[in-house]
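Participant: Sending over a structure as structure tokens; questions will come in a sec.
The values are calculated or read from the model by the stated rules, or taken from the named source; none is laboratory data. On a predicted model such as this, the values are computed, not experimentally measured, just so you know. With ideal geometry, Cβ positions are generated from the backbone for all residues, glycine too; neighbour counts draw on all protein chains shown. With ligands, DNA and RNA removed, areas are computed over all heavy atoms of the protein, side chains included. Shrake-Rupley method; radii C 1.70, N 1.55, O 1.52, S 1.80 Å.
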Amino acid sequence: MSKFRKGGKKGMPAISTASLPDIVFMLLFFFMVTTVMRETTLFVSVVTPKATEIKKMEKKSLVSYIYIGSPVKRMQASYGSAARIQLNDAFAEVGEIQEFIATEREARDEKEIPYMTTSIKADETVKMGIISDVKQELRKANALKINYSTRKGDY
Amino acid sequence: MASSRRGLPEINAGSMADIAFLLLIFFLVTTTMDVDTGIARKLPPMPEDEQIEDDSQIHAKNIYVVLINANNQLLVEGELMDISQLRGDAKDFIDNNGKDPNSSENPEKAIISLQNDRGTEYMTYIRVQNELAAAYNELRNKAALNKFGERYADLNKTQMKEIRKMYPQKISEAEPKNIGGDS
């Protein structure tokens, strides 16, 4: 009697689960590679307006984001509820945008600069005054490709 | 001794799958597959100091003036208008081709001038932008269907260019003014 063979009925052999980890790892790597971790914590609450004539944004690595909205609840004690601009991880003034664009440009390849887009993620209740200011600054910084971030939806 | 000859016992890899699953689930949950969408626009370059804007060459009838005030009301070509009517009216204007002597001569010459107040709500502004873009897209789609029998989005690059030449999207935004209310 061999060591491995049971004496009695053989029945169905158990399916080998030895390759299960490999399969799972494959899936894991897929998700790890495709995952884009949110690199900024939002200090402003942004609900983008709805629109129908929207386009998908290409080349996410070439997009810089400008968030505009009123500060979130826990920040309102120190920053008030008036609409503010957020660049990267901090509140910013309108005057800081040119600098922000310059640093964003430095981080990219020179060839890619003309394709860089600035996405304006603004809350739908924000007044146009602040957005006009941002747009003027972007024009000064010669960052002319912009994208008004919107949700898909009808009114 | 029997045990020393066997060497180290093999590490049980049975729980490997569980660990991998745990990580997998973590990444599944944190992944955001949402694609950013939005309305793409190109800002005009900053005017040079000496350069004076020369509007005289553009006939006044070729300009479709859209004003939005601080109360989110629309004044289109001097008349109060609801946003829901804007798309149709803009289409009529662009695709006039000289039928109405007070409207645009042809789509290539038609310019939409958009001006908003500092107190205008962003949502209204985007809605107006959206309606104007929709007007152009509908016209382009119609032209594409007539000419190539396909929707504008399905055309190839050269065909798209041709349609774009027929209906160039000219939306000009004036420098912002502060007329009514705060910003």
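Participant: Show me, for region A:79-92, the HN-Hα J-couplings you get by feeding each phi into the Karplus relation (A = 6.51, B = -1.76, C = 1.60, θ = phi - 60°), rounded to Hz, glycine and proline as x.
Facilitator: 10, x, 10, 5, 4, 9, 9, 10, 10, 6, 10, 8, 5, 9
Participant: Modelled label-to-label distance, A:Ile23 and B:Thr31, 7 Å Cα→beta-carbon offset: nm?
Facilitator: According to this spin-label approximation, the distance is 1.7 nm.
Participant: Now a separate question. Short version: ³J(HN,Hα) in whole Hz for each residue of region B:37-43, in order, from phi by Karplus 6.51 cos²θ - 1.76 cosθ + 1.60 (θ = phi - 60°), x for Gly and Pro, what are they?
Facilitator: With coefficients 6.51, -1.76 and 1.60, one gets 10, x, 9, 7, 9, 10, 7 Hz.
Participant: Could I ask something else about it? Check which residues have an amide H placed less than 5 Å from B:Arg41's amide H, if you skip close sequence neighbours.
Facilitator: Correct list: A:Ile146, A:Asn147, A:Tyr148.
Participant: What is the set of long-range amide H partners of A:Lys50 at a cut-off below 5 Å, with H atoms built 1.01 Å from backbone N?
Facilitator: A:Arg151
Participant: Something else about it: Could you tell me what percent of the accessible area of region A:78-136 is made up of carbon and sulfur, with a 1.4 Å probe and every protein chain present?
Facilitator: Looking at region A:78-136 in its full context, I get 46 percent from C and S.
Participant: Give me the accessible area per residue for region A:41-122, probe 1.4 Å, as a whole number in Å².
Facilitator: Numbers: 4570 Å² over 82 residues.
Ligands and nucleic acids excluded, the result is 56 Å² per residue.
Participant: A follow-up question, please. Could you order the peptides A:13-24, B:144-155, B:106-117 from most to least packed, using the average number of other C-beta atoms within 10 Å per residue?
Facilitator: Highest mean packing first, the order is B:106-117, B:144-155, A:13-24.
Participant: Cβ neighbours within 10 Å, averaged per peptide: list A:124-132, B:124-132 in order, most packed at the top.
Facilitator: Working: A:124-132: 21.0, B:124-132: 23.1.
Order by mean packing, descending: B:124-132, A:124-132.
Participant: Could you sort out which of A:Lys73/A:Lys121; A:Lys111/A:Lys152; A:Lys56/B:Lys147; A:Lys127/B:Lys142; A:Lys50/A:Lys111 sit more than 30 Å apart by Cα distance in this structure?
Facilitator: A:Lys111/A:Lys152; A:Lys127/B:Lys142; A:Lys50/A:Lys111
Participant: Would you please give the residues with an amide H less than 5 Å from that of A:Ala122, counting only those at least 5 places away or on a separate chain, with H modeled from the backbone geometry?
Facilitator: A:Ile68, A:Ser149
Participant: Taking 2.2 N^0.38 Å as the expected size of a compact globular protein, what ratio does the Cα radius of gyration of the protein assembly as shown give against it, to two decimals?
Facilitator: 1.43
Participant: Sticking with this one: Compute the separation of the alpha-carbon centres of region B:76-148 and region A:32-76 and state it in Å as a whole number.
Facilitator: 29 Å
Participant: How crowded by other chains is A:133-140, given as the mean number of beta carbons from other chains within 10 Å of each beta carbon?
Facilitator: Working: counts 3, 0, 5, 4, 0, 2, 5, 2.
The per-residue average across the peptide is 3.
Participant: For B:Lys109, which lysines qualify as cross-link partners when the Cα separation must be under 18 Å and same-chain residues fewer than eight apart are set aside?
Facilitator: B:Lys61, B:Lys91, B:Lys99, B:Lys161, B:Lys165, B:Lys170
Participant: Something else now. Using the Karplus curve 6.51 cos²θ - 1.76 cosθ + 1.60 with θ = phi - 60°, work out ³J(HN,Hα) for each residue of region A:27-35 in order, rounded to whole Hz, and write x for Gly and Pro.
Facilitator: 4, 4, 5, 4, 5, 5, 6, 7, 5
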